[in-house]
Amino acid sequence: MAAKQRDAAHWMGHALRLAKSGTGATYPNPCVGAVLVKKGVVVGRGRSDVTGGPHAEVRALRQAGAAARGAAMYVTLEPCSHRGRTPPCVDAIIEAGVRRVCIGVEDPAPHVGGKGIRKLRRAGLEVEVGVCGDQARSIHAHYLHHVATGRPFVTLKVASSIDGRLATASGDSKWITGAAARKSAHRLRALHHGIAVGSETVLRDNPGLDVRHVDGVDPIPVIFDSRLRVTAAKRAELKLMRAGVLVLYTARASKTAQARLARTPVEGVEVPGDAEGRVDIEAALELLGARELRSLMVEGGGKLLGSFVAADAFEELWVYRAPVILGEGRPILAGLAFDEVARAPRLRQHSTRKLGDDQLTVYARA
């Protein structure tokens with residue numbers, strides 16, 4: 001039995017690497033990995049295609065062909081049993097003659113929720129659930145979080161000096177971190193469905209929020225701009241005044257600003273404001289989640305990052321720290337204060353690694 005479990009973990013590892021390699025490219029669907037093994041040899045492998053394309057299980061079956069009969073399939077997420085944009089994967093698995101299916105994690109979505117597992121077992125297949133379960137849950141964290149909460153998985157990203165500054169006192173921030181850290185940050189962008197910044201960052205830095213230093217799909221830009229300040233700038237001057245960008249504003253935005261927004265290709269949505277009149281973080285996440293935005297990377301600036309921490313609305317914090325001292329610069333979390341240490345949020349260090357002269361530390365909720 002121990003040998004069988006080791007084999008299952010080994011082959012599931014292959015499937016997990018396939019899933020991880022495509023994370024961010026298949027939204028709103030999760031990127032699943034599937035491997036077909038027969039007599040100790042991989043006969044088929046696949047990962048999810050873009051939404052509307054074949055799922056990982058089907059791609060693996062097509063590659064295996066007749067060799068799928070009698071094989072074992074290792075798949076990171078429960079195969080679907082419903083007809084959506086594509087036919088049910090469990091039907092294809094059964095018809096191909098697969099004898100055993102090892103699943104990393106059950107799909108909690110109401111339209112799946114164990115139905116695929118039960119159908120496979122009723123068809124006489126041997127099914128094992130929870131193989132490398134912790135790793136599978138980590139790989140599919142964005143999808144699982146959204147299904148469970150209805151809100152996107154939120155990652156806060158910071159690039160700072162060793163004394164915790166995003167920029168100098170004058171606002172200069174190019175470049176605090178080096179090339180290796182910037183490449184890593186773009187890879188992080190590519191893993192997320194959406195990317196959020198505040199209006200101050202848009203007006204000061206004029207970011208494109210695209211993926212440039214690595215191969216990947218651009219996330220959907222989301223601007224938090226309670227008063228629609230970005231509409232006061234000339235459209236040609238701002239890279240984010242384009243189709244596909246979402247601006248969240250509040251009742252503080254003037255009718256003039258709303259009219260200016262209507263003349264741009266940007267989509268604007270009014271959401272409730274918080275006690276300070278800023279975009280309410282909870283309301284924003286509910287809205288984004290309802291739009292099937294699975295994950296959101298928050299890049300800045302300090303006020304927006306501070307708002308997410310104050311709302312206790314994040315799952316991970318990625319800190320890229322450079323060996324430079326900026327002194328009286330702009331803090332990474334602005335407008336955030338705690339009277340007592342006991343009230344401050346505590347995080348768990350998930351990992352740390354060197355990126356050239358810089359250091360990346362990933363923190364998760366404790």
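Compute the signed sum of charges (Lys and Arg +1, Asp and Glu -1) over the other residues within less than 12 Å, Cβ to Cβ, of Ile281.
Overall, the nearby charge balance is -3.
Using amide H atoms built 1.01 Å from N in the peptide plane, name the residues 5+ places from Ala159, or on other chains, whose amide H lies under 5 Å from its own.
Those lying under 5 Å, H to H, from Ala159 are Tyr320.
How high is the relative contact order of segment 1-144, in percent, with contacts defined as C-alpha pairs under 8 Å that are six or more residues apart?
Result for segment 1-144 is 21 percent.
So for segment 207-323, taking the charge dipole from beta-carbon charges (+1 Lys/Arg, -1 Asp/Glu), which of Ser254, Ala284, Val217 sits furthest toward the positive end?
Ser254
So if I place +1 on the C-beta of Lys and Arg and -1 on the C-beta of Asp and Glu, and nothing else carries charge, what would the dipole magnitude of the chain be about its Cα centre? I want it in debye, nearest 20.
1120 debye
Roughly how large, in nm² to one decimal, is the mean projection of the convex hull of the alpha-carbon atoms in segment 151-365?
That works out to 11.9 nm², a quarter of the Cα hull's surface.
When DSSP beta bridges are limited to those with both residues in the chain, what percentage is antiparallel, rounded to the nearest 5?
Looking only at bridges with both residues in the chain, the antiparallel portion is about 45 percent.
Report, as a whole number in µm² per second, the diffusion coefficient that Stokes-Einstein gives for segment 213-323 at 10 °C and 1.306 mPa s using the Kirkwood radius over alpha carbon pairs.
105 µm²/s
Please report Rg (one decimal) and Dmax (integer) in Å for the Cα set of the chain.
When restricted to the Cα atoms of the chain, Rg and Dmax are 22.8, 70 Å.
How far, in nm, would the chain grow between Glu276 and Arg291 when pulled straight, counting 0.36 nm per residue and subtracting the alpha carbon separation?
Here the segment from Glu276 to Arg291 would lengthen by 2.8 nm.
Going down the table (Lys4/Lys183; Lys115/Lys183; Lys303/Lys354), which pairs top 29 Å between alpha carbons?
Lys4/Lys183; Lys115/Lys183
Just need the relative contact order of segment 151-365 here, percent rounded to a whole number, with Cα pairs under 8 Å and 6+ apart.
32 percent
How much length is gained on full extension from Ser254 to Arg100, taking 0.36 nm per residue of separation minus their Cα-Cα distance?
Contour length minus the Cα-Cα distance gives 49.3 nm.
Below 10 angstrom from the Cβ of Asp218, what's the summed charge of the other residues (Lys, Arg +1; Asp, Glu -1)?
That sum, taken over residues with Cβ under 10 Å, equals +1.
Name the residue farthest towards the positive end of the dipole of the chain from the options His145, Ala96, Gly244, assuming +1 on Cβ of Lys and Arg, -1 on Cβ of Asp and Glu, about the Cα centre.
Ranked along the dipole, the leading option is Ala96.
Amide H of Val43 versus every other amide H placed in the peptide plane: which residues, excluding those fewer than 5 positions away on the same chain, fall under 5 Å?
Leu36, Val37, Lys38
Give the separation of the Cα centroids, segment 252-283 to segment 48-108, in Å.
44 Å
So, in nm, how far is label Ser138 from label His111 when the simple model puts each one 7 Å beyond its Cα toward the Cβ?
Going by the 7 Å Cα→Cβ label model, 3.0 nm.
In whole Å, what is the distance between the alpha-carbon centres of segment 285-357 and segment 1-33?
29 Å
Please list, in order along segment 215-224, the HN-Hα scalar couplings obtained from phi with the Karplus expression 6.51 cos²θ - 1.76 cosθ + 1.60 (θ = phi - 60°), rounded to whole Hz, x for Gly and Pro.
6, x, 8, 5, x, 7, x, 10, 9, 8
Restrict the search to segment 275-341; then list the chymotrypsin sites (Phe, Trp or Tyr not before Pro) that DSSP places in a loop and that have at most 14 other Cβ atoms within 10 Å of their Cβ.
Here the sparse-neighbourhood loop sites are Phe338.
Please turn the phi angles of segment 49-62 into ³J(HN,Hα) values with the Karplus equation 6.51 cos²θ - 1.76 cosθ + 1.60 (θ = phi - 60°), one per residue in order, whole Hz, x for glycine and proline.
Values per residue, Gly and Pro as x: 7, 4, 3, x, x, x, 6, 4, 4, 5, 5, 5, 5, 5 Hz.
Can you tell which of Ser160, Leu296, Pro30 lies farthest toward the positive end of the dipole of the chain, using +1 and -1 charges on the Cβ of basic and acidic side chains (Lys, Arg; Asp, Glu)?
Pro30
Name the shape class, rounded, prolate or oblate, that the alpha-carbon gyration tensor gives for segment 20-147, where a ≥ b ≥ c are the square roots of its eigenvalues, rounded holds for a/c under 1.5, and otherwise prolate holds if a/b is larger than b/c and oblate otherwise.
Rounded, because the longest to shortest axis ratio a/c is under 1.5.
As an exercise, use a Förster radius of 45 Å and the Cβ-Cβ distance of Asp7 and Ala311 to find the FRET efficiency, rounded to the nearest 0.05.
The computed FRET efficiency comes out at 0.50.
Spelling out what I want: for every residue of segment 335-350, take phi, set θ = phi - 60°, compute 6.51 cos²θ - 1.76 cosθ + 1.60 (Karplus), and round to whole Hz; glycine and proline get x.
Working through the residues one at a time gives x, 10, 8, 10, 6, 9, 4, 4, 8, 6, x, 9, 10, 10, 6, 8 Hz.
Starting from the amide H of Gly194, placed 1.01 Å from N in the peptide plane, find each other amide H under 5 Å away whose residue is 5 or more places distant or on another chain.
Sorted by chain and number, the residues that satisfy this are Ile220, Ser295, Leu296, Met297.
In debye to the nearest 20, how big a dipole does segment 151-365 give about its Cα centre with +1 on each Lys and Arg Cβ and -1 on each Asp and Glu Cβ?
540 debye
Could you tell me the relative contact order of the chain? Use alpha-carbon pairs under 8 Å, at least six residues apart, and round to a whole percent.
Answer for the chain is 15 percent.
Every number here is computed from the coordinates shown, using simple stated rules; none is lab data. None of the values given here were measured: they were computed from a predicted structure. Please note: Cβ atoms are built from the backbone with ideal geometry, for glycine as well, and neighbour counts cover all protein chains shown.
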